[in-house]
Amino acid sequence: WVITYEKIANIAKEYNAEKTFILQSSVSLEFAKELSEADMRLQLNMAMAFGINNIHYYCYSVPKGQYYYDYCIVDRENKPSVLYGYLQGLHKEIQSFSDVILSYEWDSVIGSNPVGFSSNMDMSHLLLENEFTDTKHFENILSSTDAIMSRFVSKKYGEAYMLVNYAQKDAAKNTVTLTFKDCGKIAVYGGKGFDGAPKIVELDAENKYRV
């Protein structure tokens, strides 16, 4: 799915078109038996990492007949499902920094992995291009397991970067070190519980930031 996202993003960039991604919100049958809050956060963050303009869900309510899922965003009785609650909180997280990310244009994405190879097909593809070109302040990324990094650009504001943890196992243990150049501080947006105010972080003596 990430390979598909990248193809769509690059075509949209070439033709100056908007991007619409459809995220999974149907449970059972041909889809997953359960969707956790982490699953929904990954879908949303990955879509944003590829510069999404519009987000749709399949499905909001449970279709009748052949596609009779256990539940979608609302359940079979059209009452809010657990996904409804997840998305309320996740959309609030996104809205807290959406004005910032919308000030930039999506440029490109790279993968990061400590060994340069992943059993994840999406990651193996992204690892083929593991560095950005013509960056003003960013040098490199090192991660303890699979991670994705996107670059956004703006004539007014310069460059911005977004990280997505793509670890399939031990996700909480993924640590990332970013190295910058010609700058002493960075503004950090997003994350669980983010309220809209960026955290101004001073880089260490080697111009690194660890998260």
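Each residue in segment 1-10 was checked for being of a type in the set (D, E, K, R) and either part of a loop (DSSP other than H, G, I, E, B) or open to solvent by 40 Å² or more (accessible area, probe 1.4 Å) (or both), and 1 pass.
Give the residue that is surrounded by the fewest Cβ atoms within 10 Å (Cβ to Cβ), with candidates limited to residues of segment 49-63 that are under 22 Å from Glu30 (Cβ atoms) and within 24 Å of the chain's Cα centre (by Cα).
To start, the set of residues in segment 49-63 that are under 22 Å from Glu30 (Cβ atoms) comprises 55-63.
If we keep only those that are within 24 Å of the chain's Cα centre (by Cα) as well, we get 55-60.
On the way: Ile55: 16, His56: 11, Tyr57: 17, Tyr58: 15, Cys59: 17, Tyr60: 15.
Only one residue fits best here, namely His56.
Tally time: how many residues in segment 102-113 are open to solvent by less than 40 Å² (accessible area, probe 1.4 Å) and among the acidic types (Asp, Glu)? Going through segment 102-113 one residue at a time, the tally reaches 1.
Within segment 195-207, residues that are more than 28 Å from Glu93 (Cβ to Cβ) and touching a residue at least 24 places away in the same chain (Cβ under 8 Å) reach partners that are surrounded by 10 or more Cβ atoms within 10 Å (Cβ to Cβ) and polar (S, T, N, Q) with beta carbons closer than 9 Å, at six or more positions or on different chains, in the pairs Glu206/Thr179; Asn207/Thr179.
Could you tell me whether segment 96-116 includes any residue that is more than 28 Å from Asn16 (Cα to Cα), at pLDDT 90 or above and aromatic (Phe, Trp, Tyr)? No, every residue in segment 96-116 fails to be more than 28 Å from Asn16 (Cα to Cα), at pLDDT 90 or above and aromatic (Phe, Trp, Tyr).
Counting only residues that are more than 16 Å from the chain's Cα centre (by Cα) and either open to solvent by 70 Å² or more (accessible area, probe 1.4 Å) or without any contact (Cβ under 8 Å) to a residue 24 or more places away in the chain (or both), how many does segment 11-28 have?
Kept after step one, since they are more than 16 Å from the chain's Cα centre (by Cα), are these residues of segment 11-28: 11-18, 25-28.
Next cut, either open to solvent by 70 Å² or more (accessible area, probe 1.4 Å) or without any contact (Cβ under 8 Å) to a residue 24 or more places away in the chain (or both) only: 11, 13-18.
Total meeting the criteria: 7.
Within segment 29-37, does at least one residue satisfy the condition of being surrounded by 20 or more Cβ atoms within 10 Å (Cβ to Cβ) and part of a loop (DSSP other than H, G, I, E, B)? Taking every residue of segment 29-37 in turn, at least one turns out to be surrounded by 20 or more Cβ atoms within 10 Å (Cβ to Cβ) and part of a loop (DSSP other than H, G, I, E, B). Would you point out the residue of segment 88-98, among those that are open to solvent by 30 Å² or more (accessible area, probe 1.4 Å) and of a type in the set (Gly, Ala, Ser), that is farthest from Arg41 (Cα to Cα)? Among residues in segment 88-98 that are open to solvent by 30 Å² or more (accessible area, probe 1.4 Å) and of a type in the set (Gly, Ala, Ser), the one farthest from Arg41 (Cα to Cα) is Ser98.
Quick check on segment 172-188: of everything there that is farther than 15 Å from Glu202 by Cβ and of a type in the set (A, V, I, L, M, F, W, C), which residue is least open to solvent (accessible area, probe 1.4 Å)? Across segment 172-188, the extreme among qualifying residues is Val176.
For (1) within 23 Å of Tyr5 (Cβ to Cβ); (2) of a type in the set (Asp, Glu); (3) in a loop (DSSP other than H, G, I, E, B); (4) open to solvent by 70 Å² or more (accessible area, probe 1.4 Å), each residue gets a yes or a no:
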position	(1), (2), (3), (4)
Ala47	yes, no, no, no
Gly65	no, no, yes, no
Glu77	no, yes, yes, yes
Tyr86	yes, no, no, no
Val100	yes, no, no, no
Val115	no, no, yes, yes
Ser118	yes, no, yes, no
Asp122	yes, yes, no, no
Arg151	yes, no, no, no
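Given the residues Glu93, Glu14, Glu30, which is the only one that is touching a Phe, Trp or Tyr at 6+ places or on another chain (Cβ under 7 Å) and of a type in the set (D, E, K, R)? If you could, list the steps in order and put the result at the bottom.
Working: Glu14 fails: touching a Phe, Trp or Tyr at 6+ places or on another chain (Cβ under 7 Å); Glu30 fails: touching a Phe, Trp or Tyr at 6+ places or on another chain (Cβ under 7 Å).
Criteria check complete, one pass: Glu93.
The values are calculated or read from the model by the stated rules, or taken from the named source; none is laboratory data. All values reported here derive from a predicted model rather than from experimental measurement. Please note: Cβ atoms are built from the backbone with ideal geometry, for glycine as well, and neighbour counts cover all protein chains shown. We work out accessible area using only protein heavy atoms, side chains counted, and drop any ligands, DNA or RNA first. Shrake-Rupley method; radii C 1.70, N 1.55, O 1.52, S 1.80 Å.
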